[in-house]
Structures are given as C-alpha cells and as structure tokens.
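Scroll down for the structure; my scribbles are underneath it.
The values are calculated or read from the model by the stated rules, or taken from the named source; none is laboratory data. None of these values were measured; they are calculated from a predicted model. For neighbour counting, all protein chains shown are included, and Cβ atoms are generated from backbone atoms with ideal geometry for every residue, glycine included. All accessible areas refer to the heavy atoms of the entire protein, side chains included, with ligands and DNA or RNA removed. Shrake-Rupley method; radii C 1.70, N 1.55, O 1.52, S 1.80 Å.
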Amino acid sequence: MNESILVVEDEMDIGRLLQMQLTNMGYQVDHVLSGEEALSLLNKKNYQAVILDWMLPGLSGIEISQLIRKIDTMKNVGILMLTAKSDPQDVVEGLNAGADDYMTKPFSADILKARMASLIRRLNRQTGGDNQKNTNYSQESDEVRVGPLRVSFKTYKAFLDNEPMNLTPSEFKLLTTMLDYRGRVLTRAKLIEEVQGEGITVIGRTIDTHVFGLRKKLGPHGDIIETVRGIGYRVKDDIS
C-alpha cells in the first residue's frame with residue numbers, strides 16, 4: 001500500500017494521533033493545521049484522499065471541500081470529513097459540499113481504518129486503479145445508473161423507475177455495495193465489511209434481513225439480487 005493521505009486538523013494532538021494511526025495502517029501521511037496549508041500541498045503533491053476537519057482557522061472544511069471539487073486536477077481526491085459536528089443537517093451539508101464520507105468525533109480507530117480502506121478501494125475502482133472496476137457504471141462520479149435504478153452518492157438517495165426509494169442507511173449501503181461489485185458474488189462477511197460503519201451495525205444473519213427488506217422495496221425488480229446458496233448474494237450483471 002502506498003496511498004498518500006493528507007490530514008487537515010488544527011488540533012495538534014488529534015492530527016498527530018490520526019497521522020500515527022494511518023501510518024500504522026500503511027498509508028503515507030502528511031498533517032497540516034489549516035485549509036490554506038492543505039490547498040498549497042494539494043497543488044504540489046498527489047494525494048489519494050484528504051481527512052478534513054470542519055472547524056478550522058481561516059477556510060472551513062466545507063469551503064475547502066467545495067474548492068477541491070472545483071479544481072480539475074483534484075477531482076479524483078477522496079474526502080473524508082471528520083468533525084465534532086454531528087447533527088443530521090451537518091452531515092447533509094458536508095456531503096453536499098463534496099465529501100465522500102462523514103465521520104464524527106470522538107472516533108473509533110477500527111471504524112476509521114474500515115472507512116478509509118473502503119474509500120480508497122472505491123476511488124481506485126473509479127479511476128481504474130482496481131482491475132475489478134465495473135465498467136457498466138455511469139461516468140458521473142456522483143451518480144450510478146443501472147437499469148431501472150439510479151443512485152446519488154451526493155444526496156444519499158436511490159430511485160427506482162424514477163420514483164424515490166425509502167431506504168434505511170443499511171439498505172442504501174448494501175444496495176450501493178452490491179451495485180459496485182455487480183456480477184460478482186459477495187459473501188456475508190464481505191458485505192458486513194463493506195456496509196459496517198458509523199451509525200450502521202450489521203452482524204451475521206442480519207445481512208439476510210436487510211437483503212429481504214431491500215428486495216421488498218425493489219418490488220418487481222427484487223429478483224435482481226440473487227442468492228448464491230451457502231455463500232452470499234450477487235446483483236445480476238444483465239439488469240435491464
């Protein structure tokens with residue numbers, strides 16, 4: 001692993017802790033204390049991802065995220081917002097500003113590790129760094145269209161035949177994960193690894209319950225999720 005990550009955190013102790021934890025995970029990590037320093041480094045060095053605090057001196061994390069998304073040379077940089085702001089409207093604002101993922105403080109090192117690994121894998125698939133990339137996806141990084149399904153990662157909403165689907169966070173993550181690996185069988189353990197995260201807890205057979213609920217909400221299209229007996233699940237590769 002040689003992915004480079006930039007940590008933007010004005011509290012020195014937290015920044016150093018993040019740098020140590022991520023370095024122990026195998027990443028190359030730089031730490032800066034302000035948004036201005038972050039933008040300067042991003043213009044000089046290629047980073048796969050940025051861990052971004054919201055409340056910073058000078059430019060806020062929201063402003064930095066918006067600027068990153070407007071600069072062509074940085075459009076493939078992943079953004080994980082890590083902040084003490086935990087209200088639902090804060091999460092929505094952070095994601096709408098361009099963040100790929102959102103975590104709140106205090107945070108678990110294990111969850112940070114899982115979320116960062118998931119983000120890096122997703123970025124690699126989008127940029128062709130992972131030869132498992134599903135080439136049937138829309139080229140728009142914020143949205144996936146597959147057959148009757150349309151999923152927006154920006155608004156965290158899914159649509160079926162252009163009608164909004166009322167999905168739980170677990171169902172949304174499960175659906176997007178299976179679409180991301182469309183045509184491939186995912187074990188229950190793999191699905192738990194991908195879906196587990198802050199605010200989402202899945203264990204063992206609860207995956208089956210979530211799949212059942214998801215199929216029900218897919219209605220006549222529920223059979224796009226196939227059960228592979230004794231192994232797990234797969235989304236069909238020939239959705240129409």
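The residue of the stretch 58-80 that is nearest to Glu3 (Cα to Cα), among those that are touching a residue at least 40 places away in the same chain (Cβ under 8 Å) and not hydrophobic (A, V, I, L, M, F, W, C), is Gly78.
Within the option set Glu171, Glu194, Glu140, being open to solvent by 60 Å² or more (accessible area, probe 1.4 Å) and either at pLDDT below 85 or in contact with a Leu (Cβ under 7 Å, 6 or more places away or on another chain) (or both) holds for one residue only, Glu140. Among the residues of the stretch 100-115, which ones are assigned to a helix (DSSP H, G or I) and surrounded by 19 or more Cβ atoms within 10 Å (Cβ to Cβ)? Result: Leu112, Arg115. A search for C-beta distances below 7 Å between a residue of the stretch 144-155 that is open to solvent by less than 20 Å² (accessible area, probe 1.4 Å) and any residue that is among the polar types (S, T, N, Q), counting only pairs 6+ apart in sequence or on different chains, returns Val144/Ser138; Val146/Asn136; Val151/Thr176.
Just give me the residues in the stretch 83-96 being open to solvent by less than 10 Å² (accessible area, probe 1.4 Å) and either among the aromatic types (Phe, Trp, Tyr) or not in a strand (DSSP E or B) (or both), in sequence order.
Going residue by residue through the stretch 83-96, those that are open to solvent by less than 10 Å² (accessible area, probe 1.4 Å) are 83, 94.
Of everything in the stretch 83-96, just one residue is open to solvent by less than 10 Å² (accessible area, probe 1.4 Å) and either among the aromatic types (Phe, Trp, Tyr) or not in a strand (DSSP E or B) (or both), namely Gly94.
The numbered conditions (1) touching a Gly at 6+ places or on another chain (Cβ under 8 Å); (2) at pLDDT 85 or above; (3) assigned to a helix (DSSP H, G or I) are all true for Leu119 except (2). When restricted to residues that are in a loop (DSSP other than H, G, I, E, B), more than 14 Å from Ile5 (Cα to Cα), out of contact with any Asp or Glu (no Cβ under 7 Å at 6 or more places or on another chain) and not aliphatic (A, V, I, L, M), the stretch 39-57 contains 1.
Report yes if Glu63 is closer than 12 Å to Ala97 by Cβ, open to solvent by 10 Å² or more (accessible area, probe 1.4 Å) and not in a loop (DSSP other than H, G, I, E, B), otherwise no. Yes, satisfied.
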